[in-house]
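To keep things clear, I will list the structure first and then write my remarks on it.
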Amino acid sequence: MSSATLPPYAKKDFQTDQEIRWCPGCGDYAILSAVQSVFPELGIPKEKLVVISGIGCSSRFPYYMNTFGFHTIHGRAPAIATGLKITRPDLEVWVATGDGDSLSIGGNHTIHMLRRNVGLKVLMFNNRIYGLTKGQYSPTSEVGKKTKSTPYGTADRPFNPIALALGANATFVARSVDIFQQHLKDTLRKAAAHKGSAYVEILQNCNIFNDHAWESFTEKDARSEHVVQLEHGKPLIFGKNRDKGLRLNGLDLEVVSLGNGITEKDLLVHDQHNPQPAYAFLLAHVEEQPGLPAPIGVFRWWPDQPRYEDTVAAQIRDVQAQRGTADLGKLLHAGDTWEVHA
Amino acid sequence: MSTTLVPPPQRKRETLERAVIRFCGDSGDGMQITGSQFTNTVALYGNDLATLPDFPAEIRAPAGTLPGVSGFQVHFSSSDVYTPGDSVDALVAMNPAALKMNLPDLKPNGILIVNLDNFEEMDLRKAQMPSNPLEDHSLDGYRVFPVELTKLTRAALKDLGLDAKSMDRCKNFFALGMCYWLYNRSMETSLRWIEDKFKGKLQLVQANRMAMQAGYTYCEATEAFQITYEIPPAKLSPGVYRNISGNSALAMGFVAASQKSGLPLFQGSYPITPASDILHELSLYKNFGVITFQAEDEIAAITAAIGAAYGGALGITTTSGPGMALKTEALGLAVAVELPLVICDIQRGGPSTGLPTKTEQADLLQALFGRNSEAPIPVLAPSTPGDCFWIALEASRIAIKYMVPVIVLSDGYLANGAEPWKIPDVSELPEIPVNFENNPEGFRPYKRNPETLARPWAIPGTPGLEHRIGGLEKQDVTGNVNYEPLNHERMVRLRAQKVAAVVQDVPDAIPAGDESGDLLIVAWGSTFGPVTAAVRAQRAKGRRIGHVHLRHLNPLPKNLGDVLMRYDRVLVPEMNMGQLVMLLRAKYLVDAVGYNKIQGKPFKQSEIEHKIEELLD
């Protein structure tokens, strides 16, 4: 279907008649709203959109999207979506997952999907807790966190999801926040435009089991001091008065105040297409250093990497061109045969 | 070549109905290739045959040791062959370890060819032999032919400029040449194979060819053998034949199912013995549009296949027991979302890693019941290597017709064993109709076909059919998430009824042999050969025996209960602790007895016969 004949979709076209069963106040509502707002803009016929999920609060997502949807089993959404995308490259397949689903039980599928660069858009709702099982720590929970399963605090070191995705050589890695609606929608649009695997971490609040999970980022007064927005081609500036920036110092980043001889020219200018893996890693680890802000936006966007399903299809076309049309009779008779006469 | 085909007239030439030959040596000695070559040659000549490759799980255990012994047995005949043979007429042993492991299977007065060059003190020590069997009279009951295989091969190849190691790697072809002479076979097929295999490597083509010819000429010249043997072609039913292994037949069966259904074939698989060859073979068939996906693990292999099926492909996954265990949860998902899928379990000895290269039938109950909650799945089992082709087609057809996952239980013996297979006419293969839903009018994701209880296959990309499915319990018809008690019971029963409805496609059980009588043998899978041979032999002695070989294990043929009642006794031989027998006893309240062998090896005909005699005498 060409975009000319595409019906003019509205947000409501992507809403279902199902009663939404997330807790009131859950960050997932904001994410759902952003996705339903962005989908009509994509120029894709509704029937070509598929949302696949695993298990967890985030994985209820497909039930609330009026597209094709598949709520699967814990951790396996990337593998199921991979099988679908290889056989049906004509579809646009989105994966809804969470920190437990994607990084714990489904960690293996996540990294292998990313290394293959399958054309899937992955929305990873990171609330640093297991919600649906009622409050155990997750692989992104901070060290020492007291939860139902860790009454004396966790001993685990958490994953940095951005660094993990970069480590798997993901070709598109971004981060946004549930309540930053404009930023979230903008990030979703960029993910939609990427051909290969797009991994989007969405910082999300669980007001029941991990309230204030990202408060230092999201709280109005604090956010401009604690968050730096990554914008391609622009220097890394943050602060309430946009008077601070990040400057490269050797293999590290440092916070500098603008003025007193320090200008924007001294700051690191964001290059989302930087071919050096180290560049995005540097950004991914910024927030772990005291006093440094957490970046949101696109960390890496490598647009020209071959997409898995395209390579698979091309190989089949090549073999067909070389070996001619498939002939089952010929296949069965291949090799040594002999005839028994009546 | 033709001049070398006829042995000198002074040798006695004896015609036999059948012969069993086994090649054994180190896993690096090329015994599997040697056996396959001999097999192809006798197959092309027109003998009926069965093979038993037997190799260790280790790629190369230390040379000359007992764990490193690899063997390949061929039974070929001018009449029907059902098993690879209980015992061996001719044994080729490349070293003392191979001799020690295999001698117990050699018939009294059987032919024993050994590589004399490998019977030094160190070789004997590696095989834990206190004395040299060639000198201590322990081989007195056999016709022993000690041949300097290594030295003679080196002598034959001395002008090629190869190093000693490369020359020694050709000694299996020297032994093969000897066997061709001994059984009056042409070397043509193997010469052609050598040309093809080592294409572009002239030195290796020459070396292997010369080694094989040297072995042949050696027998002709030395008068070591006073008798040669002739096994005339078998009287198979007319048609074009090829040699086929079970794994190869499964691969081709799925390609056929893809062609007959018009669906692209998607195989998700993770390498595992003894199933990997299906992946290797299907990955060659890209010109048929086959997509093979070597997944990151067993779970991804099956879930990717589910994803492909969701999108409208023929999704299959192939594995062995440990992989089945990992796929369990995803199998439950396939049951719940009611998508077509074929899962092949090429069974091997267990539990856990168990005996990776040895055969067993102990995954039957796992296939039938090994999932959480009520998750019934149709189960099929091929009975011969060639039957694997037909089972692949049938499993695919049932999966699509009823919108269910279907399990195929093959095993290591069928997977690697080979037999002559009559190639079917493509136009005579069953069609596999596919009806994708495309009408949004009144579309409901779980509205069922009244006959098959199948839900519609509504694939993404179809306008107006946008809907959601998942592993949560759903309301019948609408597919909406639903936790109501009565709906759950209804759905559990519906899923069971749907699998039970597959019985419409299960042929009635028709016993081979006597239609009623003293004993019914009920068996399944790869025990077909030895059971068939044993029943024939025992009926020839006047016993009244029937044999039902089940290809459908769920649902069972609807007349099976009646058939069971027509015999005084029921015997169920299985390569497990008694899984089918337990089902039959539970379902039909019949006093069936089991006969169980759990040695990683197929039953021998004599073992089944012995059991029959024990029961009936």
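Taken together, the values in this text are just the output of simple stated rules run on the coordinates, not laboratory data. Here the structure is a predicted model, which means the values were calculated and not measured. Note that each Cβ is placed from the backbone with ideal geometry, even for glycine, and that neighbours are counted across all protein chains shown.
Computed from backbone phi, the HN-Hα couplings of region A:327-334 come to 9, 4, x, 5, 4, 5, 8, 5 Hz, rounded to whole numbers (Karplus: 6.51 cos²θ - 1.76 cosθ + 1.60, θ = phi - 60°; Gly and Pro given as x). Calculated FRET efficiency, A:Phe281 to A:Lys12, Cβ-Cβ distance, R0 = 45 Å: about 0.60 to the nearest 0.05. You can think of it this way: the chain between A:Thr150 and A:Lys220 has 22.1 nm of extra reach, that is 0.36 nm per residue less the Cα-Cα gap. Full extension of the chain between B:Tyr142 and B:Asn184 gives 13.0 nm of extra length, using 0.36 nm per residue less the Cα-Cα distance.
The mean sequence distance of close C-alpha pairs (under 8 Å, at least 6 residues apart), as a share of the length of region B:291-330, puts its relative contact order at 44 percent. Rounded to the nearest 0.05, what FRET efficiency do B:Asp163 and B:Ile510 give with R0 = 45 Å and r taken as the Cβ-Cβ distance? Could you check? Taking R0 as 45 Å, the efficiency between B:Asp163 and B:Ile510 is 0.15. Using R₀ = 22 Å, calculate the FRET efficiency as 1/(1 + (r/R₀)^6) where r is the Cβ-Cβ separation of B:Leu615 and B:Ser87; round to 0.05. The value I calculate is 0.40.
Amide H contacts of B:Arg569: B:Leu519, B:Leu520, each under 5 Å away and 5 or more positions distant or on a separate chain (H built 1.01 Å from N in the peptide plane; Pro and chain starts excluded).
Working note: Karplus 6.51/-1.76/1.60 with θ = phi - 60° gives region A:286-293 the couplings 4, 5, 6, 9, x, x, 9, x Hz, where Gly and Pro are set to x. About its Cα centre, region B:45-189 has a charge dipole of approximately 340 debye under the convention of +1 per Lys or Arg Cβ and -1 per Asp or Glu Cβ, with nothing else charged.
Measure nothing but the geometry: give the 0 to 90° angle between the long axis through the Cα atoms of B:31-45 and the longest principal axis through the Cα atoms of chain B, rounded to 10°. Tilt of helix B:31-45: around 90 degrees. Within chain A, no whole DSSP H helix has Cα atoms reaching 24 Å or more along its own axis together with a mean Kyte-Doolittle score of at least -0.5. Under 5 Å from the amide H of B:Leu341 lie the amide H atoms of B:Val404, B:Val406, each residue being 5 or more positions distant or on a separate chain, with H modelled from the backbone and absent for Pro and chain starts.
Taking the Cα centre of region B:242-428 as reference, the dipole from Cβ charges on Lys and Arg (+1) and Asp and Glu (-1) amounts to some 260 debye. Label sites at A:Gln305 and B:Glu14, each approximated as a point 7 angstrom past Cα along Cα to Cβ, lie 6.9 nm apart. Of all lysines in the structure, those lying under 27 Å Cα to Cα from B:Lys126, and not within fewer than 8 positions of it along the same chain, are B:Lys100, B:Lys107, B:Lys151, B:Lys165, B:Lys171, B:Lys358, B:Lys601. Per the Debye formula on identical point scatterers at the alpha carbon atoms of region A:153-230, with no solvent, log10 I(q)/I(0) at q = 0.14, 0.19, 0.20, 0.21 Å⁻¹ is -0.56, -0.97, -1.04, -1.10. A crude spin-label estimate for the pair A:Ala193 and B:Arg566, with each label 7 Å from Cα along the Cβ direction, gives 7.4 nm. Projecting the Cα atoms of A:Ala155, A:Gly54, A:Ile86 onto the charge dipole of region A:3-223, computed from C-beta unit charges around the Cα centre, puts A:Ile86 farthest toward the positive end. Within region B:242-428, the proportion of C-alpha pairs whose separation exceeds 28 Å stands at 14%. With chain A treated as a Gaussian network of Cα nodes joined by springs under 10 Å, which of A:Pro78, A:Pro293, A:Pro277 yields the largest mean-square fluctuation? Evaluated over chain A, the most mobile residue of the options is A:Pro277. For region A:3-223, the alpha carbon positions stretch 59, 34, 31 Å along the principal axes, listed from largest to smallest. Give me log10 I(q)/I(0) at q = 0.05, 0.11, 0.12 Å⁻¹ for chain B, Debye formula, one equal scatterer per alpha-carbon, no solvent. Results for chain B at q = 0.05, 0.11, 0.12 Å⁻¹ read -0.25, -1.08, -1.22. Averaged over residues, the count of other Cβ atoms within 10 Å places the peptides B:424-432, A:28-36 in the sequence A:28-36, B:424-432, highest first. Bridge orientation summary for the protein assembly as shown: considering DSSP beta bridges with both residues in this region, about 35 percent are antiparallel.
Straight Cα distances below 29 angstrom link B:Lys474 to the lysines A:Lys11, A:Lys12, A:Lys46, A:Lys48, A:Lys85, A:Lys121, A:Lys134, B:Lys327, B:Lys401, B:Lys447, B:Lys498, with same-chain residues fewer than 8 positions distant left out. The listed peptides B:107-117, A:48-58, A:141-151, ordered by packing as a protection proxy, come out as A:48-58, B:107-117, A:141-151 (highest mean of other Cβ atoms within 10 Å first). Lys/Arg Cβ at +1, Asp/Glu Cβ at -1, dipole of the protein assembly as shown taken about the Cα centre: which of B:Thr357, B:Met212, B:Ala533 is farthest positive-ward? Final value for the positive-end residue is B:Thr357. When the Debye formula is applied to the Cα atoms of the protein assembly as shown, each taken as the same point scatterer, what base-10 log of I(q)/I(0) results at q = 0.06, 0.07 Å⁻¹? Values returned for q = 0.06, 0.07 Å⁻¹ are -0.54, -0.70.
When each of the peptides B:604-610, A:110-116, B:486-492 is scored by how many other beta carbons lie within 10 Å of its residues on average, the order from highest to lowest is A:110-116, B:604-610, B:486-492.
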